[in-house]
Structure formats: C-alpha cells, structure tokens
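Notes follow the structure.
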Amino acid sequence: MQERVIPSDLTAAKELEEQVLRELDRHGYSEVASFAVRLAMEEGLNNAIKHGNRRDQSKTVTVCYEVTAEEARITIQDEGPGFHPEDVPDPTADENLEKPCGRGIMLMHAYMDDVHYNDRGNKVFLVKRNT
Amino acid sequence: MREEAPRLNVTVENDITVVELADRKILDEISISQIGEKLNALVAEAERPKLVLDFANVSHMSSSALGMLITLHKRIREKKGHLRLCNIQPAIYEVFVITRLNEIFQISESRHQALDSLT
C-alpha cells in the first residue's frame, strides 16, 4: 500500500490521479476500469479538498492506494469534520435533477465495486476489481 | 503551478454558435471553471443564444463538468435560447444516463443533427 500526503490543491490531486492510472495501465486494466477509477478518484479528491478541507492550504489529504492484478484499492482521507453520506440528497430525484452539485458520491457508487466511509465520514474507501 | 487555459474552437454558423474543446481531452476540475467562464461569456453577449457544444474531443468528465453544463443551460433558457450537446462518446453518455441528465439536455449524435435541430 502506497501512501501519499498532498496539499488541498487540485493540481496535486490530478498528479496523484495520473500516478494511480499509470499503475492500472501497468497491470493491464481495461479502459472502462481506468475511466471508473479516474472518475471516482476525481470525485473523492474534489470532495476531500473542497468540502472536507474547505480548500484550507494548511490541511492535507492522505491517499493510500494499492493496485494488484486483481483489484485497485484506494482510500482518501481529509482533515474535515466528516459527513454522513446518507444525508446527501439523491441527485436523480426529480426535484434535484437541475441542481448543479451533489452527483459525485452517486457516480463513485455507480462506477466502483465498493464504496464506503469510516464512521466519522472523512475517509472514503474505494475498490475497483480488474474484470 | 498554474495550468494553461483550455482552448475552445468557436465557430458561428448562421445564428448558431458551435463550441468544440480543442485540445483538452479531460474536463477536470481545474479546467472546468475556465471553460465555464468562456461559455457563460458567449451566452451573455448573445440576445437569444443558440449554442452547440461538441464533445468529440472529450474522453473524460466528472460531476463538476455536469454542474457547469446545468448552470449554462439555465442561463441559456433564461434568455429563451437553446443548447444542444453532440458527439458525446459512449462512456461519457453513460454518465449523463446514470445521473438522468440525458433527460434534461437535448443530445444529438452528430454536430450536423444538432445544427439541424436548431434551424
């Protein structure tokens, strides 16, 4: 398991995404799987930087990842107070369809094989199997 | 590190503005706000905007881009204009379907079809 600590900065997040994608490529993951991991990482890192750390440059995001031939496991942890995923409104409900925000979590669930949070809600666990 | 602003190819056909992302395959969080600003400026200067967004070069996008498109769509409708999306690759189209935004946006298979629907 590799650990990276990055500042609350989207450019650093993007570089980290590229590192993980190179690992997927090295292990022969499909384009579909890579698309899913890139999407989930971008959503998770955006949430950590923007909502968790509120772009506070004194706070960091800790990302751990392990890519094997079988699966990719990624955790993203911020220094925020955490949240309860069940409190996030369903973005596909008719009344929310035209709201500009709130789709990141549902997209992570749609594209990854497993998505769950720690009790505090400041750390997301992501798994994508190499099928 | 500041990234170079994304380049948009903007052409006007009759009264329809066609915007194509020129060199950025990834609609990520960093570039999306810059692209949103440029698109909103195009809408602001039109009396009744007719805008076609060509996604031919876009191979990845996330929820930030969807948010930008929703805001853009609202501004266009406020001016009684029209927005069409076209040339969306299957993987990207799936994102629209999962989020049900294919029900909000009018999506054409090709630029030609998008232009036809606005004339």
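Any residue that is within 12 Å of the chain's Cα centre (by Cα), more than 10 Å from chain A (Cβ to nearest Cβ) and not charged (D, E, K, R) - is there at least one of those in segment B:89-104?
Initial filter on segment B:89-104 (within 12 Å of the chain's Cα centre (by Cα)): none.
Scanning segment B:89-104 turns up no residue that is within 12 Å of the chain's Cα centre (by Cα), more than 10 Å from chain A (Cβ to nearest Cβ) and not charged (D, E, K, R).
Return the only residue of A:LYS14, A:LYS123 being over 11 Å from the mean Cα position of the chain (by Cα) and surrounded by 13 or more Cβ atoms within 10 Å (Cβ to Cβ).
Values: A:LYS123 fails: over 11 Å from the mean Cα position of the chain (by Cα).
Answer to the check: A:LYS14.
Does any residue in segment A:7-36 that is free of Cβ contacts under 8 Å to residues at least 40 places away in the same chain come within less than 6 Å, Cβ to Cβ, of a residue that is of a type in the set (S, T, N, Q) six or more places away or on a different chain, and which pairs are these?
So the pair list comes out as A:LEU21/A:SER34.
Mind checking whether some residue in segment B:42-64 is among the hydrophobic types (A, V, I, L, M, F, W, C), closer than 18 Å to A:LYS99 by Cβ, out of contact with any His (no Cβ under 8 Å at 6 or more places or on another chain) and assigned to a helix (DSSP H, G or I)? Give the steps one after another, and end with the answer.
Taking segment B:42-64 and keeping what is among the hydrophobic types (A, V, I, L, M, F, W, C), we get B:42-44, B:46, B:51-53, B:55-56, B:58, B:61.
Subset that is closer than 18 Å to A:LYS99 by Cβ: B:61.
Within this subset, residues satisfying the condition of being out of contact with any His (no Cβ under 8 Å at 6 or more places or on another chain) are B:61.
Of the ones still in play, those that are also assigned to a helix (DSSP H, G or I) are none.
Taking every residue of segment B:42-64 in turn, none turns out to be among the hydrophobic types (A, V, I, L, M, F, W, C), closer than 18 Å to A:LYS99 by Cβ, out of contact with any His (no Cβ under 8 Å at 6 or more places or on another chain) and assigned to a helix (DSSP H, G or I).
Given the criterion of a type in the set (Lys, Arg) and in contact with a Cys (Cβ under 6 Å, 6 or more places away or on another chain), identify the matching residue among B:ARG75, B:ARG111, B:ARG7.
Numbers: B:ARG75 fails: in contact with a Cys (Cβ under 6 Å, 6 or more places away or on another chain); B:ARG7 fails: in contact with a Cys (Cβ under 6 Å, 6 or more places away or on another chain).
Going through B:ARG75, B:ARG111, B:ARG7 in turn, just one is of a type in the set (Lys, Arg) and in contact with a Cys (Cβ under 6 Å, 6 or more places away or on another chain): B:ARG111.
Got a sec? Which of B:LYS80, B:LYS74 is modelled with pLDDT of 95 or more and assigned to a loop (DSSP other than H, G, I, E, B)? Let's see the steps before the verdict.
Details: B:LYS74 fails: assigned to a loop (DSSP other than H, G, I, E, B).
After ruling out the rest, the residue left standing is B:LYS80.
Can you name the condition, by its number, that A:ARG73 falls short on among (1) crowded, with 18+ Cβ neighbours inside 10 Å; (2) in contact (Cβ under 8 Å) with a residue 60 or more places away in the chain?
(1)
As an exercise: evaluate B:VAL19 against (1) over 23 Å from A:GLU42 (Cα atoms); (2) assigned to a helix (DSSP H, G or I); (3) of a type in the set (A, V, I, L, M, F, W, C) and give the number of the one condition it does not meet.
(2)
Residue check: is A:GLY82 of a type outside the set (Val, Ile, Thr), closer than 24 Å to A:VAL32 by Cβ and either crowded, with 20+ Cβ neighbours inside 10 Å or away from chain B (no Cβ under 14 Å) (or both)?
Details: of a type outside the set (Val, Ile, Thr): yes; closer than 24 Å to A:VAL32 by Cβ: no; either crowded, with 20+ Cβ neighbours inside 10 Å or away from chain B (no Cβ under 14 Å) (or both): yes.
No: the conditions fail for A:GLY82.
What pairs come up if the first residue lies in segment B:10-34 and is over 18 Å from B:LEU51 (Cα atoms), the second is at pLDDT below 90 and part of a helix (DSSP H, G or I), and their beta carbons are under 9 Å apart, counting only those six or more places apart or on different chains?
B:ARG24/B:SER31
Of everything in segment A:98-123, what is touching a helix residue (DSSP H, G or I) at 6+ places or on another chain (Cβ under 8 Å), away from every other protein chain (no Cβ under 14 Å) and more than 23 Å from A:GLU70 (Cα to Cα)? Give them in sequence order.
Result: A:GLY121, A:ASN122.
The values are calculated or read from the model by the stated rules, or taken from the named source; none is laboratory data. Given the structure is predicted, the values throughout are model-derived calculations rather than measurements. Cβ atoms come from the backbone with ideal geometry, glycine included; neighbour counts cover every protein chain shown.
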